[in-house]
Amino acid sequence: MRNTLVIAQAVWIETLRRKDLYVLAALLAALLLVFVSLDIFGVRSMVSYIKEIGLLMTWVFAWILVIGVSVRQLPQEEKSGTIFPLLAKPVTRAELITGKWIGALGVAVASTLVLYILLAGIVAARGGMCNVALMLEAWALHACFMAVVAAMGLLFSTRMNSDAAATLTGILSFASFALLPRVPELAGGAGSLQKTALMFVYYALPHLELFDLRQRLAHDWEAMPLEPFLMIGAYGILVSTALLALGWLAYRRKMFNRDQM
Amino acid sequence: MKSCAPCGALRVWLAAVLLWAAAFSLACRLLEMPPPRSEAGRNFASMVFGGVRAEVSEGLFGQADLVYHKGVRAAPRMKKPDWFARMRLQSAPYGHRHLRDDDIVEIMPWLYLATRVDPGNMTAYSVAAYWLAGAAGRPELAEEVLNEALRNNPGDYRAYMEKGRLAMKLGQYSKSARYLDAALARLPGAAGVDGEQKRHDGAEMLVYLGLAREILGAPLAAARCYRAVLELFPGRLKLQERMLALEKTGHSPSSPEEQARAMLYRHGDVCAQAEDH
C-alpha cells in the first residue's frame, strides 16, 4: 500500500509541475466569466444557465484532464527508461498500475472539487442557491466517472503509446456516455444477429451516463435517493476495478527492452 | 517490409475519395435546410456558415425548451427497463414539470444565445417576447426584443405579427392593427416558412385584427377579417356566429377585449401528457 501511495504522490507532483492544469483552469474561468457578464435582453437574476454551462465546462475539463494524466503515465516511464529502476525496486506491476490510477484520479478529483466550489460561489454571488446534498452526490458520482475513465486510459496505455491510448479512451468514453443509452432503441429496428451484437455492446461497455447529475443540479431538483446513489457508486467502483484488472493482465508480462526505448 | 510506391499512391487516392465523400455528404445535409430567413445581416460569415448557424441556433432553442421542462428529456421507452434504464430514471430528472411565474426567465439565456448565433431565428425572438410580456411581467423588455427582431428581419411577417400581438396585450389597439396589417401584407411573400404554418398564422392574425377593429368600433371591417378566416378554415363555427352577429347587429356575442385576452395569454402546453417525457 505504501508503494502505491508513493507512486500516486509522484503523479500528483509531476502533474502540478506541468502547465496544462493551470491553462485549462484559466480557460474555464475566463469562459465562465464571459457568460456570467452577458447582458441577456436586459433581464437579470438568472442562474440555471450559469450552473449548466459551469457544470458542462467542469465535465469537459475533468474529462480532458483525467485522460491526459492517465494515458501518459506508463508510456512516459517506458520512454524515459525510469521503468527499469522503478520495477527493480520491490514494486509489483499491480502496485504500479494502482498507484498511477490513484494519482491520476486524485489530481482530477481534487481539481474538480475546486471547480464545484467555485461554481457554487458564482451562483451564490448571483443570488442563486445550490442544494448542498445534491452537489455532494453530483461530485461523488463525477469522481466515479473519472475513476472509470482513468482506469480505461491506463488499460489502453499498457499496450499503446500515449497518443493512441488518449484517442481510444476519448472515443470510447464519449461513445459510452452519449451513444450507449440509445442502443436499445437502435437494436429495436435491427435484425436478430445485429440486435444480439448491439445488446452485447450495451451490456459490456461502461455506462458513464449514470454518473451525470448535471441536469438535476442545474434545475434545482431534490437530491437523489440514497439507494440508487450507492448502487451507481458501487457500479463505478466495480467497473474501475475490472478495467484495472484488465490493465494488470495486459501489463504483468510485458517485456521491456532498453534498445527499443 | 517496404511498401510499394503504387500502394502509397492508392492510399492517397483512397483518402482523397473518402474526404470528398464526407464533404459531399455534409454539403447535402446543409443544403437540405431551409434558406436563411432574412437577407438582413448576411455577411460573408453568415453566407459560409449559414446552415450551421441555423442548426446551432435550433439546438440552443431546444435547450431553452429543456430548461422550460426543468431538464426532463424524452426518455427512450423500453417495454422492460433493464437495470441501467432504471438507474437512469433515478439519476436523471423525470416527470412532468414546467417553470412557473418568475422562474420563466431562466429560459432567456438560451433564447438570447439562439438569436445571437442566428439573428434570423424568429421563433426564438417570438418565444422570448411572449414570456417577457406574459409570465415575466416585463412588456418593455419584450418590446425591445421585438424591435431587435424587426431590425434583423425587416421583411419577416412574424416580427410584425409579434409586435401586433404585444401592442394588443398592452391595450394599444390601433397600433396593433397597423402592425397586423403590415404582417398580413408580408405574409404571401414569406420565405422559409411552410405553407401550413403560413395559413395558420394568417388566420390568427386576421382574428386578432378583427378583434382590434371591433374594439376600435369598426364592426364591418372586423366581419371582413372573420370572413377571410372562414375561407381558410370553414369549420370555425363560433367565429361564423360572431361574424353573422356583427354583420346583422353590429355587436358580437362576447366582449372582444376578453376574447383577445383569452387568446393572448393562452399557452396550452403541447406536452400536456406525462408520457410525452
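The values are calculated or read from the model by the stated rules, or taken from the named source; none is laboratory data. Source: prediction; values computed, not measured. Cβ placement follows ideal geometry from the backbone for every residue including glycine, while neighbour counts extend to all protein chains displayed.
One table, with the values for the structure above:
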read-out	value
Pair list, Cβ under 6 Å, 6 or more apart: the stretch B:103-118 residue at the interface with another protein chain (Cβ under 9 Å from one of its Cβ atoms), other residue surrounded by fewer than 24 Cβ atoms within 10 Å (Cβ to Cβ) and basic (K, R)	none
Members of the stretch A:126-158 found to be part of a loop (DSSP other than H, G, I, E, B) and away from chain B (no Cβ under 14 Å), listed by number	A:C130, A:T158
All positions within the stretch A:60-93 that are modelled with pLDDT of 90 or more and either over 16 Å from A:Y251 (Cα atoms) or aromatic (F, W, Y) (or both)	A:V60, A:F61, A:A62, A:W63, A:I64, A:L65, A:V66, A:I67, A:G68, A:V69
One residue from A:V23, A:V60, A:V91 being part of a loop (DSSP other than H, G, I, E, B) and more than 14 Å from every other protein chain (Cβ to nearest Cβ)	A:V91
Pair list, Cβ under 7 Å, 6 or more apart: the stretch B:51-65 residue free of Cβ contacts under 8 Å to residues at least 60 places away in the same chain, other residue crowded, with 16+ Cβ neighbours inside 10 Å and not charged (D, E, K, R)	B:Q63/B:W110
Spans of helices (runs of 4 or more DSSP H) in the stretch B:90-190 with at least 3 residues more than 28 Å from B:G71 (Cβ to Cβ)	B:139-152, B:157-169, B:173-186
Subset of the stretch B:138-172 [more than 11 Å from every other protein chain (Cβ to nearest Cβ) and under 20 Å from B:A262 (Cβ atoms)]	B:P139, B:M161, B:E162, B:G164, B:R165, B:L166, B:A167, B:M168, B:K169, B:L170, B:G171, B:Q172
Single residue of the stretch A:221-254 satisfying the filter (within 14 Å of chain B (Cβ to nearest Cβ) and assigned to a loop (DSSP other than H, G, I, E, B)) that is nearest to B:K70 (Cα to Cα)	A:W221
Selected residue (only one of A:A204, A:A187, A:A218 is within 14 Å of another protein chain (Cβ to nearest Cβ) and exposed (fewer than 12 other Cβ atoms within 10 Å of the Cβ))	A:A204
